[in-house]
Amino acid sequence: MLFKQQALLRQKLFVLGSLAIGSVLYLVARVGTLDRLQPICPIENRLTQPEPAQIPLRTLQFKRGLLHELRKGNATKEQIHLHNLVQQLPRAIIIGVRKGGTRALLEMLNLHPAVVKASQEIHFFDNDQNYARGTDWYRGKMPFSFPHQITIEKSPAYFITEEVPERIFKMNSSIKLLIIVREPTTRAVSDYTQVLEGKERKNKTYHKFEKLAIDTNTCEVNTKYKAVRTSIYTKHLERWLKYFPVEQFHIVDGDRLITDPLPELQLVERFLNLPSRISQYNLYFNATRGFYCLRFNIIFNKCLAGSKGRIHPEVDPSVVTKLQKFFHPFNQKFSQITGRTFNWP
Ligand code: A3P
């Protein structure tokens, strides 16, 4: 009798367990198919819809799923045709500044359902060989996207390269330009740290930052040092302003993007005329990394690669002060031109 009851109980448990597993599998499969079947609605339509608390999960999964397949080369021509996917020239470019947080900005903007990023730095406008290949080559380097989406690429070398403003102007004189800046001395040290790491990887020795940043003969700031020159933001911007009005630029505060990214991203959304879709849900602080990481949905999240957020070498405080004093007037001019103020010394 007892044996019979136990067998019956086991049977019931088995049926219940199977039902539970079956339901979970069904739900997973259902969400997957829905994602593949329903394309994203155009931005204009979504604008009239009530603001969701977070990015619609299905939209992102669809975007990620299909575009990921395309990147892997798994999507067929039929799929591309069926979903009306196109390779579009960027409507916005993150032109710099190197070590300002360009990768973080691109990845974070890519959280927006209407944004598609070019994963690699294309270096079309700053590299003569690439530029000679023409606009069709450039377009061919762009990811597939839905026609209503905007493509964004980032190549930080654009900001400091002489020929680039004119070349971009010739391609699209109304393109939107994003510049992310950090406190100039910190940026210069970050720049140095990246180069130092490269040298160490090749077992090469390298000068100390102080030796490069300060001219040993004059004891003044060495303006020939590239990491210093790149941080004189206003000098570079002035070259760009010969081609584009200041309204076509949006300055992102890279220090704030590190400590509190959402408000900076919302300003960019507004600049790009996109509905506000990136929310706090999409950004979570990872204490181990010491940075905000990205949450696309309940399943997929990621932090930036380890090469972002390096530990900087300690720099002689007197050199730091000297550099900060040196950059100060340039920073003031930069703020005057752009209308953005910063918490910089
Ligand atoms: P450090 O490595 O000096 O800390 P770029 O992508 O332009 O090369 O910029 C790299 C910088 O982005 C890093 O410089 C880091 O401080 C900054 N950054 C901003 N947000 C980040 C994030 N969420 N994760 C990692 N690095 C981030």
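From the list Thr341, Thr288, Thr321, Thr259, pick out the single residue that is in contact with a Pro (Cβ under 9 Å, 6 or more places away or on another chain) and among the hydroxyl-bearing types (Ser, Thr, Tyr). Let's see the steps before the verdict.
Values: Thr341 fails: in contact with a Pro (Cβ under 9 Å, 6 or more places away or on another chain); Thr288 fails: in contact with a Pro (Cβ under 9 Å, 6 or more places away or on another chain); Thr259 fails: in contact with a Pro (Cβ under 9 Å, 6 or more places away or on another chain).
Matching residue, one of Thr341, Thr288, Thr321, Thr259: Thr321.
Return the residue satisfying two criteria in turn: it lies in the range 301-316 and is surrounded by 12 or more Cβ atoms within 10 Å (Cβ to Cβ) and hydrophobic (A, V, I, L, M, F, W, C), and of such residues it is nearest to the chain's Cα centre (by Cα).
Leu304
Residues to consider are Thr259, Thr218; find the one that is open to solvent by 60 Å² or more (accessible area, probe 1.4 Å), closer than 18 Å to Arg103 by Cβ and either within 11 Å of the ligand (Cβ to nearest atom) or without any contact (Cβ under 8 Å) to a residue 40 or more places away in the chain (or both).
Thr259
Tell me which residues, restricted to the range 196-215, are within 27 Å of Leu106 (Cα to Cα) and surrounded by 14 or more Cβ atoms within 10 Å (Cβ to Cβ).
Result: Leu196, single match.
For residues that are open to solvent by 40 Å² or more (accessible area, probe 1.4 Å) and at negative phi, tally how many sit in the range 105-154.
Total meeting the criteria: 16.
Based on what the data block shows, is Arg277 near the ligand (Cβ under 9 Å from one of its atoms) and in contact (Cβ under 8 Å) with a residue 40 or more places away in the chain?
The answer is no for Arg277.
Restricting to the range 312-324, give me the number of residues that are within 16 Å of the ligand (Cβ to nearest atom), in a loop (DSSP other than H, G, I, E, B) and in contact (Cβ under 8 Å) with a residue 24 or more places away in the chain.
Going through the range 312-324, the residues within 16 Å of the ligand (Cβ to nearest atom) turn out to be 312-315, 320, 323.
Adding the requirement that they be in a loop (DSSP other than H, G, I, E, B) leaves 312-315.
Retained after the next criterion (residues that are in contact (Cβ under 8 Å) with a residue 24 or more places away in the chain): 312-313, 315.
Selection size over the range 312-324: 3.
Quick one: in the range 85-104, which of the residues that are more than 9 Å from the ligand (Cβ to nearest atom) and part of a loop (DSSP other than H, G, I, E, B) is most open to solvent (accessible area, probe 1.4 Å)? Quick ask: steps written out before the conclusion?
Of the range 85-104, the ones more than 9 Å from the ligand (Cβ to nearest atom) are 85-93, 95.
This time we only want the ones that are part of a loop (DSSP other than H, G, I, E, B), so: 85, 88-91.
Working: Leu85: 14, Gln88: 35, Leu89: 43, Pro90: 3, Arg91: 111 Å².
Within the range 85-104, the match that is most open to solvent (accessible area, probe 1.4 Å) is Arg91.
How many residues are farther than 12 Å from Pro184 by Cβ and touching a helix residue (DSSP H, G or I) at 6+ places or on another chain (Cβ under 7 Å) if we restrict to the range 303-332?
So the answer is 8.
Taking the condition open to solvent by less than 20 Å² (accessible area, probe 1.4 Å), assigned to a helix (DSSP H, G or I) and aromatic (Phe, Trp, Tyr), does Phe327 pass?
For Phe327, the condition - open to solvent by less than 20 Å² (accessible area, probe 1.4 Å), assigned to a helix (DSSP H, G or I) and aromatic (Phe, Trp, Tyr) - is met.
Tell me the residue from Ala157, Ala188 that is within 16 Å of the ligand (Cβ to nearest atom), open to solvent by less than 10 Å² (accessible area, probe 1.4 Å) and of a type in the set (A, V, I, L, M, F, W, C), please.
Within the list Ala157, Ala188, the selection yields Ala188.
How about the range 114-139: which of its residues are within 29 Å of Gly306 (Cα to Cα) and either out of contact with any Phe, Trp or Tyr (no Cβ under 9 Å at 6 or more places or on another chain) or within 14 Å of the ligand (Cβ to nearest atom) (or both)?
Once the filter is applied, which keeps residues that are within 29 Å of Gly306 (Cα to Cα) and either out of contact with any Phe, Trp or Tyr (no Cβ under 9 Å at 6 or more places or on another chain) or within 14 Å of the ligand (Cβ to nearest atom) (or both), the range 114-139 yields Val115, Lys117, Ala118, Ser119, Gln120, Glu121, Asn127.
Give the range 280-294 a look and list any residue that's touching a strand residue (DSSP E or B) at 6+ places or on another chain (Cβ under 7 Å), of a type outside the set (S, T, N, Q) and within 12 Å of the ligand (Cβ to nearest atom), or say none.
Matches in the range 280-294: Leu283, Tyr284, Phe285, Tyr292, Cys293, Leu294.
The values are calculated or read from the model by the stated rules, or taken from the named source; none is laboratory data. Keep in mind that this is a model prediction, so the values were computed, not measured. Cβ coordinates were reconstructed from backbone atoms using ideal geometry, including for glycine residues, and neighbour counts include every protein chain displayed. For accessibility, only protein heavy atoms count, side chains too; no ligands or nucleic acids. Shrake-Rupley method; radii C 1.70, N 1.55, O 1.52, S 1.80 Å.
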